[in-house]
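Where a number appears in this text, it was derived from the coordinates with a stated rule and is not lab data. All of these numbers come straight from a predicted model, not from anything done at the bench. Methodologically, a virtual Cβ is constructed for each residue, glycine included, from the backbone with ideal geometry; neighbour enumeration extends over all protein chains shown.
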Amino acid sequence: MNSSAPHLILAGGGLASCLIALRVAQAHPDTRISIVESGPEICGNHTWSFHEDDLSADQHEFISPLIQHQWPAQEVRFPSYTRQLKAGYFSITSDALREFVEARNIELQTNTEVTDLGPAHAVLSDGRTLEGSAVIDGRGQARADGLVLGFQKFLGREVTTREPHGIRHPVIMDATVSQADGYRFIYLLPFDAHTLLIEDTRYSDGADLDDSQLSAAIDDYAVEHHWTIENTLREERGILPILMAGRFDQFWPRNAGIARAGLRAALFHPTTGYSLPQAMTLADAIASHWPMDGAALATFTRNHAQAFWNDTGFFRLLNRMLFRCGVPEKRYTVMERFYKLSDSLIENFYASDLTLLNKARLVTGKPPVPFFEGLSMIGEEKFLRAEYAE
Ligand SMILES: Cc1cc2nc3c(=O)[nH]c(=O)nc-3n(C[C@H](O)[C@H](O)[C@H](O)COP(=O)(O)OP(=O)(O)OC[C@H]3O[C@@H](n4cnc5c(N)ncnc54)[C@H](O)[C@@H]3O)c2cc1C
């Protein structure tokens, strides 16, 4: 690689950075790419899932070598009904993503913290400064300046069961369980006849997560389903932000001057907290405009994130209604009503791509929340002023 080649520095080696690295490496083999990760290895220890319609055909093709599990349908369960959704569901794993990145000509520096960033340089914990053409901050969840959040909290255990567990498709919500700490449901991913991820999830007002309590709840759920857990192979936990409202300029000031990606850029689905589709889209956008200098890349990523923010205001409204109307124990009724809607509307919802008609359908009909409380949630700025006044 010649020394005048463009050099992209990625701070943090998580999902967003790795997808950018792969897409830029593919489209611009002459670019030098460095990833600096504070942990012992890049990509962490996750299973990242997505819905079939979340990605374009080209993105599906790109990501297909990383897919470790896929299912042709999904299921939801509520006290009053069970429904199978026709859309496929896919999972990639950290191991697969890491292997893919390691096989490319990408420089990896692990066990190295980024302590300071400029538009085109990164200061490292070992005292060195990496100089490049441009830097992207992909260090995961940022401070929530200017944002009003709820939380999606979960503890998941990938277990083996003595007898076949009998789950054939992902159960993305089993809300037949007792309600606690807001909206509670169990998420199930069957990897094979005896291996299952069981995740206890809560949509809550607070961010505290009691691991031992959720782990015991998973044991109880297994007993109720007559599964004998033989081993827990892996555990994952998450406290994902659910966006109710915010001021984008405060979260990411115009003059900040450093490019961002992933959760750092608020590029996640406001209601589910999933970020894989948004990370893929940003990676594509950067690859097709690369090379840029640090200042241009900062403006480019900020504009991209601002456009996503503007497009997803309706989801923040739905979240305000979910979190702030009615009593927390009844939140499941909002979801119970939602999953009675058409397959195409549900697919558009996950893909953050609702049509005007979809939006109208979501807020008309029998109100999912008390009508007058719902009305007071409509204006985001009004809601913010009331929040900050408290
Ligand atoms: C357990 C769990 C399961 C999830 N499942 C899904 C899912 O199924 N589908 C989906 O779309 N989303 C899922 N998400 C949500 C979201 O997609 C992930 O959190 C995703 O990893 C976010 O990507 P990111 O690149 O922004 O941050 P991360 O992947 O968290 O990457 C940030 C990286 O930066 C590193 N870092 C932090 N500080 C520094 C520093 N100072 N210097 C150097 N490195 C640093 C971290 O160690 C980390 O490796 C899940 C989240 C969690 C926690």
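Odds and ends about this structure:
- Among 356, 108, 196: highest mean-square fluctuation, GNM of the chain, C-alpha pairs under 10 Å: 356
- 3J(HN,Hα) along region 115-123: 9, 7, 9, x, x, 9, 8, 10, 8 Hz, from the Karplus curve 6.51 cos²θ - 1.76 cosθ + 1.60 with θ = phi - 60°, whole Hz, x for Gly and Pro.
- Amide H contacts under 5 Å for residue 234: 158, restricted to partners 5 or more places along the chain or on a different chain, H placed in the peptide plane at 1.01 Å from N.
- In terms of overall dimensions, region 148-243 has a Cα radius of gyration and Dmax of 13.1, 45 angstrom.
- Computed extension length for residue 193-residue 141: 15.2 nm, one decimal, from 0.36 nm per residue of separation with the Cα-Cα distance subtracted.
- Amide H contacts of residue 69 (H built 1.01 Å from N, in plane; Pro and chain starts excluded): 91 sit under 5 Å, all sequence-distant by 5 or more or on other chains.
- Model label zone, residue 210; criterion: amide N under 17 Å from point 7 Å along Cα-to-beta-carbon; scope region 161-183: 178-183
- Length released on extending from residue 250 to residue 330, taking residue separation times 0.36 nm less the Cα-Cα span: 25.5 nm
- Spacing of the modelled spin labels on residue 225 and residue 389, each 7 Å from Cα toward Cβ, amounts to 4.7 nm.
- Normalised by 2.2 N^0.38 Å, with N the number of residues, the alpha-carbon radius of gyration of region 1-160 equals 1.24.
- Residues considered: 175, 307, 298. Largest GNM mean-square fluctuation over the chain, using C-alpha springs under 10 Å, is found at 307.
- Two-site label geometry, residue 307 and residue 285: point separation in nm, points 7 Å out along Cα→Cβ: 0.5
- Inter-centroid distance (Cα atoms) of region 239-316 relative to region 1-75, Å: 16
- Cα-projected label distance for residue 295 with residue 81, points at 7 Å along beta-carbon direction, nm: 5.7
- Per-residue ³J(HN,Hα) for region 258-264, Karplus 6.51 cos²θ - 1.76 cosθ + 1.60, θ = phi - 60°, Hz, x for Gly and Pro: 10, 5, 10, 8, x, 4, 4
- Among 285, 57, 265, residue whose mean-square fluctuation peaks in a GNM of the chain (springs only between Cα atoms under 10 Å): 57
- For region 122-145 and region 195-228, distance of Cα centres in Å: 36
- Considering all different alpha carbon pairs of region 189-240, the Kirkwood hydrodynamic radius works out to 12.4 Å.
- In the chain, lysine pairs closer than 18 Å at Cα, eight or more apart or cross-chain: 6
- Rounded to two decimals, the Cα-based Rg/Rh of the chain, with Kirkwood Rh, is 0.97.
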